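Reading through the structure tokens given below for one structure.
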Amino acid sequence: MPAKPIEKIVIVGGGTAGWMTAAALSNVFRGSRMQIDLIESEEIGTVGVGEATIPEIMKFNGLLGVDENEFMRATQATFKLGIEFQDWHKPGERYFHPFGVYGLDMEGISFHHFWLRAKASGDTSELEDYCLAWQAGKEGRFARPSGPPNSPLSGIRYAYHFDAVLYAGFLRQYAEERGVRRTEGKVTSVQQRSSDGFIESVTLENGQIKDGQLFIDCTGFFGLLIEKTLQSGYDDWSHWLPCDSAIAAPCERTGNLTPYTRSTARKAGWQWRIPLQHRVGNGYVYSSQYTSDEEARQTLIDNLEGPALAEPRQLRFTTGKRREIWKNNCVAIGLSSGFLEPLESTSIHLIQSAISKLISLFPTGDFSPVDRQKFNALIDQEFETIRDFLILHYNATERSDSEFWNHVRTMDIPEFLAGKLKLFRQAGRIFRDENEIFAEPSWLAVMTGQGIFPDEYHPVAGVISAEETKQRLNAIKDVICRAAASLPSHEAFIEQHCSAQMAQKTAPVQQARPAREEDPFKL
């Protein structure tokens, strides 16, 4: 006999994680008897400095059936073609991590092997010369994919920068229109079943009780349900990622809208820049072991491009993850599940990924441990592969100008990352392991951008003569440059299609004030 289905879900905490979860579940279970309650408190604020994403966010918005132009107008969003990294390998150097590919694969192998072959023969071109995302991005150009499949323009990949507070409000309206019930208030106690520790209900400070079958913890670092109640435990990864603080502030925009995020290495960490339509989000992620809070604050203020729009806000965190992200009948989503610094814009993705996996493994009333075990294994794997990709940025550096950089440059690294580096250093090989989110171009961008080059290239790249290789590369570079030059400016594209000023003629989107989960100092 089939187990009784779950019909009552309680989400504790709003913000990006809470409202993304509510929106997705209300869409998936539309037309059913599912009751979804979300509890959040307006007294718990956020640091609204902007959010940056990776292209996976388009799948989430697509699942909801959200119109892209409407979403961008409502959230003051801009487009993102990748991330520019400044001063990471050495002070004064820069590179670009693009969305999309480099060049054109040939003879059944990856393009970069032919570039390595040409480089070994004295060619001075840069890998970025064959990257449409950077050729367009550096000139401030953007357009959505278009043209025939063999055109570089058909392969444009992008994500967004947006106001995280406005996004939560946009999703709140979406979710409430589909039956999600929001309750204002703070949870003061959690009631558990005596037989197995499952959560039965939560009590608010006004005495109201919310019972449910499945509970979603979106209370951020606090981890009210997953940690304070169920004591999941926490794996601390700060020995690999020692940054434990951030200071964030928005500022006025003084230049054109760049279609990319920027990450600039500093003395004890790195600074982000996220361009939105109405302002620029900024923050300095740093290790308090290697710089003081006051020095970090001054570093941020000194490097703003325009006047600050708010007083800088400070945040503390410990990099790592919960040991059981789904425990009993509680699933942690967002910062309550763990934290990986926003260096590669994975914060929203980890929320989205957890929601997707929860939907795929959605339990029945008996809460089979098989579902929980599979969910936790998949989430653990994702956290760990992203963690190792972030460690690469710190470890692959030649900086020796501060104690912080000396530490991360010489530290031991995880086995997974060490294997990736060994394989690439030998003959330029990169393989996508275990469904990791970062594919070959991402690893290639960071490794070569930070000075790691292989001793050899793939043998197949040597089958073509040096002259023919050069001709092919020149032809590819020419096509990419002409394609980039044909695009409109990023600013003009937004003005034509999705300027937030267009939204002034329509009713404003209801704005939610994110609960403790938010702290959106994320790239």
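Among the residues of region 56-73, those that are touching a residue at least 60 places away in the same chain (Cβ under 8 Å) and either in contact with an Asp or Glu (Cβ under 9 Å, 6 or more places away or on another chain) or within 23 Å of VAL446 (Cβ to Cβ) (or both) comprise GLU56, ILE57, MET58.
Restricting region 365-387 to residues that are of a type in the set (Asp, Glu) and either within 23 Å of the chain's Cα centre (by Cα) or at pLDDT 95 or above (or both), which is nearest to SER238 (Cα to Cα)? Let's see the steps before the verdict.
To start, the set of residues in region 365-387 that are of a type in the set (Asp, Glu) comprises 366, 371, 380, 382, 384.
Restricting the remaining residues to those that are either within 23 Å of the chain's Cα centre (by Cα) or at pLDDT 95 or above (or both) gives 371, 380, 382, 384.
Working: ASP371: 30, ASP380: 16, GLU382: 17, GLU384: 13 Å.
Per the criteria, the residue is GLU384.
Just one of the numbered conditions (1) at positive phi; (2) surrounded by fewer than 21 Cβ atoms within 10 Å (Cβ to Cβ) is not true of ASP123: (1). Among the residues of region 86-106, the one identified as within 17 Å of ARG432 (Cα to Cα), in contact with a Pro (Cβ under 9 Å, 6 or more places away or on another chain) and open to solvent by 50 Å² or more (accessible area, probe 1.4 Å) is VAL101. All of (1) surrounded by fewer than 18 Cβ atoms within 10 Å (Cβ to Cβ); (2) more than 20 Å from PHE424 (Cα to Cα) hold for ILE109 with one exception: (2). In region 37-55, the residues that are at pLDDT 95 or above and in a loop (DSSP other than H, G, I, E, B) reach residues that are polar (S, T, N, Q) and open to solvent by less than 20 Å² (accessible area, probe 1.4 Å) with C-beta atoms within less than 7 angstrom, at least six apart or across chains, in these pairs: THR53/SER345; ILE54/SER345; ILE54/THR346. Quick one: in region 412-431, of everything that is open to solvent by less than 30 Å² (accessible area, probe 1.4 Å) and over 24 Å from ARG94 (Cβ atoms), which residue is farthest from the chain's Cα centre (by Cα)? If we take residues in region 412-431 being open to solvent by less than 30 Å² (accessible area, probe 1.4 Å) and over 24 Å from ARG94 (Cβ atoms), then ALA427 is farthest from the chain's Cα centre (by Cα).
Keeping to region 139-197, report how many residues are assigned to a loop (DSSP other than H, G, I, E, B), open to solvent by 40 Å² or more (accessible area, probe 1.4 Å) and closer than 25 Å to ALA500 by Cβ.
Pass one, region 139-197, residues assigned to a loop (DSSP other than H, G, I, E, B): 139-140, 142-151, 156-158, 163, 178-180, 185-186, 193-197.
Now drop any that are not open to solvent by 40 Å² or more (accessible area, probe 1.4 Å), which leaves 139, 144-150, 157, 178-179, 186, 193-196.
Checking which are closer than 25 Å to ALA500 by Cβ leaves us with 139, 144-146, 157, 178.
Of the residues in region 139-197, 6 are assigned to a loop (DSSP other than H, G, I, E, B), open to solvent by 40 Å² or more (accessible area, probe 1.4 Å) and closer than 25 Å to ALA500 by Cβ.
Candidates ARG262, ARG279, ARG273: the one that is surrounded by fewer than 23 Cβ atoms within 10 Å (Cβ to Cβ) and within 13 Å of GLU344 (Cα to Cα) is ARG262. Could you grab me the full set of residues in region 188-211 that are over 15 Å from ALA332 (Cα atoms), touching a residue at least 60 places away in the same chain (Cβ under 8 Å) and either touching a Ser or Thr at 6+ places or on another chain (Cβ under 7 Å) or aliphatic (A, V, I, L, M) (or both)? Passing the criteria: VAL202, LEU204, LYS210, ASP211. Scanning region 103-138 for residues that are in a loop (DSSP other than H, G, I, E, B) and among the β-branched types (Val, Ile, Thr) yields a single hit, THR124. Within region 432-472, the residues that satisfy the criterion of being under 35 Å from the mean Cα position of the chain (by Cα) and open to solvent by 80 Å² or more (accessible area, probe 1.4 Å) are ARG432, GLU434, ASN435, PHE453, ASP455, GLU456.
Among the residues of region 270-294, those that are more than 19 Å from ARG253 (Cα to Cα) and either in contact (Cβ under 8 Å) with a residue 12 or more places away in the chain or assigned to a strand (DSSP E or B) (or both) comprise TRP270, VAL285, TYR286, SER287, SER288, GLN289, TYR290, THR291, ASP293.
For region 301-318, check the following and say yes or no: at least one residue is assigned to a helix (DSSP H, G or I) and in contact (Cβ under 8 Å) with a residue 12 or more places away in the chain. Checking region 301-318: at least one residue is assigned to a helix (DSSP H, G or I) and in contact (Cβ under 8 Å) with a residue 12 or more places away in the chain.
Residues in region 237-257 that are open to solvent by 20 Å² or more (accessible area, probe 1.4 Å), out of contact with any Leu (no Cβ under 9 Å at 6 or more places or on another chain) and modelled with pLDDT of 95 or more: SER238, HIS239, ASP244. One residue stands out in region 210-236 among those that are surrounded by fewer than 22 Cβ atoms within 10 Å (Cβ to Cβ) and among the aromatic types (Phe, Trp, Tyr): the one that is modelled with the highest pLDDT, namely TYR234. Only a single item in (1) crowded, with 20+ Cβ neighbours inside 10 Å; (2) out of contact with any Phe, Trp or Tyr (no Cβ under 7 Å at 6 or more places or on another chain) is not met by GLU70, and it is number (1).
Can you pull out the residues in region 290-330 that are open to solvent by less than 10 Å² (accessible area, probe 1.4 Å), more than 20 Å from the chain's Cα centre (by Cα) and not small (Gly, Ala, Ser)? Walk me through it before giving the result.
Looking only at region 290-330, we keep the residues that are open to solvent by less than 10 Å² (accessible area, probe 1.4 Å), and these are 296, 300, 319-321, 325-326, 329-330.
Still in the list and also more than 20 Å from the chain's Cα centre (by Cα): 296, 300, 326, 329-330.
If the condition is that a residue be open to solvent by less than 10 Å² (accessible area, probe 1.4 Å), more than 20 Å from the chain's Cα centre (by Cα) and not small (Gly, Ala, Ser), then LEU300, TRP326, ASN329, CYS330 are the ones that fit.
I'm trying to understand the selection: among the residues of region 120-130, which are in contact (Cβ under 8 Å) with a residue 40 or more places away in the chain and over 25 Å from ILE156 (Cβ atoms)? Result: ALA120, SER121, ASP123. Closer than 26 Å to HIS97 by Cα, touching a residue at least 60 places away in the same chain (Cβ under 8 Å), among the hydroxyl-bearing types (Ser, Thr, Tyr) and in contact with a His (Cβ under 8 Å, 6 or more places away or on another chain) - does that describe any residue in region 253-269? Scanning region 253-269, I find at least one residue that is closer than 26 Å to HIS97 by Cα, touching a residue at least 60 places away in the same chain (Cβ under 8 Å), among the hydroxyl-bearing types (Ser, Thr, Tyr) and in contact with a His (Cβ under 8 Å, 6 or more places away or on another chain), so the answer is yes.
The values are calculated or read from the model by the stated rules, or taken from the named source; none is laboratory data. Note that the structure is a prediction, hence the values are computed from the model and not measured. Every residue, glycine among them, receives a Cβ derived from its backbone with ideal geometry; neighbour counts consider all protein chains shown. Ligands, DNA and RNA are excluded from the accessible area calculation, which covers all protein heavy atoms including side chains. Shrake-Rupley method; radii C 1.70, N 1.55, O 1.52, S 1.80 Å.
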